[in-house]
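Mind looking over this structure? Questions follow.
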Amino acid sequence: MGEQVDLLRALPKTKRNISAREEAKDPEVVRISKEYGEMYFDGPRDYGYGGYKYDGRWVPVAHDIIAHFGLKPGSRVLDVGCAKGYLVKDLLDALPGLEVFGLDISEYALMHCHPDVIGRLHLGSADHLPFPDGSFDCVISLDTVHNLPRERACKALQEIQRLSGGRAFVRVDSYLTPEQKAVFESWVLTAEFHDYPEGWLALFSEAGYTGDYNWTIIS
Ligand SMILES: C[S@@+](CC[C@H](N)C(=O)[O-])C[C@H]1O[C@@H](n2cnc3c(N)ncnc32)[C@H](O)[C@@H]1O
């Protein structure tokens, strides 16, 4: 079994004071967000990111990932749910000779990727990774696996395991208390499966996923 590790500890901490949403979410906003198109990445904040731009925030995270997995020039890394490829770029820059690739379901994100990663990003879904068994030295997936319903999330974890042999890290939506769960449920846009850590650990075990993990918790 993998271990819980905060590989994103170097990201700037956003000071948020989140309470439950007062009004009900508009189902049309949820539907459009789940298309992972322009509205999700670069539309108004209600639909997702409200502008997904490169700002270098992943640079120290890339160094931490390389150190954690002991990656060397020539090692092959896949970022599942890579969006516009910002982490792919920062991993490439952090260790010359590292072979880094990404995969995402969003054609919009790939068509608006960082210029340094053109040709390295694949269009596809996390539950069907078009690569041979054991083809990567490390597979990362940040805030993506929870966007599939439970059965497909299980398949995505099996796919990550198949490519990486467990040299992997996933971060997924979770909560530790009923209060956190209520706040999460009032804000969530795209997640199809989410649970307390025990529920995720049960899914990891069901999938045979032995990589590392951490939770994204709104607080
Ligand atoms: C919250 S964003 C995370 C992006 C990036 N990993 C990050 O941390 O900044 C979720 C990403 O998952 C992608 N996504 C959603 N469903 C997916 C699927 N079934 N397979 C692959 N990517 C998916 C979306 O297009 C989006 O880029």
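Within segment 140-153, identify whether any single residue is within 28 Å of Ile32 (Cα to Cα), away from the ligand (no atom under 13 Å from the Cβ) and of a type in the set (A, V, I, L, M), and answer yes or no.
no
Something else about it: Pairs only if they're at least six apart or on different chains, beta carbon under 9 angstrom, first in segment 170-193 and closer than 24 Å to Lys155 by Cα and more than 16 Å from the ligand (Cβ to nearest atom), second among the small types (Gly, Ala, Ser) and part of a helix (DSSP H, G or I); list them, first residue then second.
Hits for this filter: Tyr175/Ala182.
Also, I was wondering about something else. Here is a list: Tyr213, Tyr196. Which entry is touching a Phe, Trp or Tyr at 6+ places or on another chain (Cβ under 8 Å) and either exposed (fewer than 15 other Cβ atoms within 10 Å of the Cβ) or free of Cβ contacts under 8 Å to residues at least 40 places away in the same chain (or both)?
Selected residue: Tyr196, the only one of Tyr213, Tyr196 that is touching a Phe, Trp or Tyr at 6+ places or on another chain (Cβ under 8 Å) and either exposed (fewer than 15 other Cβ atoms within 10 Å of the Cβ) or free of Cβ contacts under 8 Å to residues at least 40 places away in the same chain (or both).
Of all residues in segment 11-37, which are in contact (Cβ under 8 Å) with a residue 24 or more places away in the chain, surrounded by fewer than 15 Cβ atoms within 10 Å (Cβ to Cβ) and out of contact with any Leu (no Cβ under 9 Å at 6 or more places or on another chain)?
Residues satisfying the conditions are Leu11, Pro12, Arg16, Ile18, Ser19, Ala20, Arg21.
What number of residues within segment 91-106 satisfy the criterion of being within 13 Å of the ligand (Cβ to nearest atom), without any contact (Cβ under 8 Å) to a residue 60 or more places away in the chain and outside any strand (DSSP E or B)?
1
Taking segment 42-62 as the region of interest, how many residues are in a helix (DSSP H, G or I) and hydroxyl-bearing (Ser, Thr, Tyr)?
Going residue by residue through segment 42-62, those that are in a helix (DSSP H, G or I) are 42, 45-47, 59-62.
If we keep only those that are hydroxyl-bearing (Ser, Thr, Tyr) too, we end up with 47.
Going through segment 42-62 one residue at a time, the tally reaches 1.
Could you look through segment 38-51, keep only residues that are in contact (Cβ under 8 Å) with a residue 40 or more places away in the chain and near the ligand (Cβ under 9 Å from one of its atoms), and pick out the one that is nearest to Val188 (Cα to Cα)?
So, considering only residues that are in contact (Cβ under 8 Å) with a residue 40 or more places away in the chain and near the ligand (Cβ under 9 Å from one of its atoms), the one nearest to Val188 (Cα to Cα) is Gly48.
Yes or no, residue by residue, for (1) among the acidic types (Asp, Glu); (2) modelled with pLDDT of 95 or more; (3) part of a helix (DSSP H, G or I); (4) within 16 Å of the ligand (Cβ to nearest atom):
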residue	(1), (2), (3), (4)
Asp64	yes, yes, yes, yes
Asp79	yes, yes, no, yes
Lys89	no, yes, yes, yes
Leu110	no, yes, yes, yes
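I've got another one for you. Take the residues of segment 86-141 that are buried (at least 22 other Cβ atoms within 10 Å of the Cβ) and of a type in the set (Val, Ile, Thr): which is nearest to Val172 (Cα to Cα)?
Ile140
The values are calculated or read from the model by the stated rules, or taken from the named source; none is laboratory data. Keep in mind that what you see is a predicted model, and the values were worked out from it rather than measured. Every residue, glycine among them, receives a Cβ derived from its backbone with ideal geometry; neighbour counts consider all protein chains shown.
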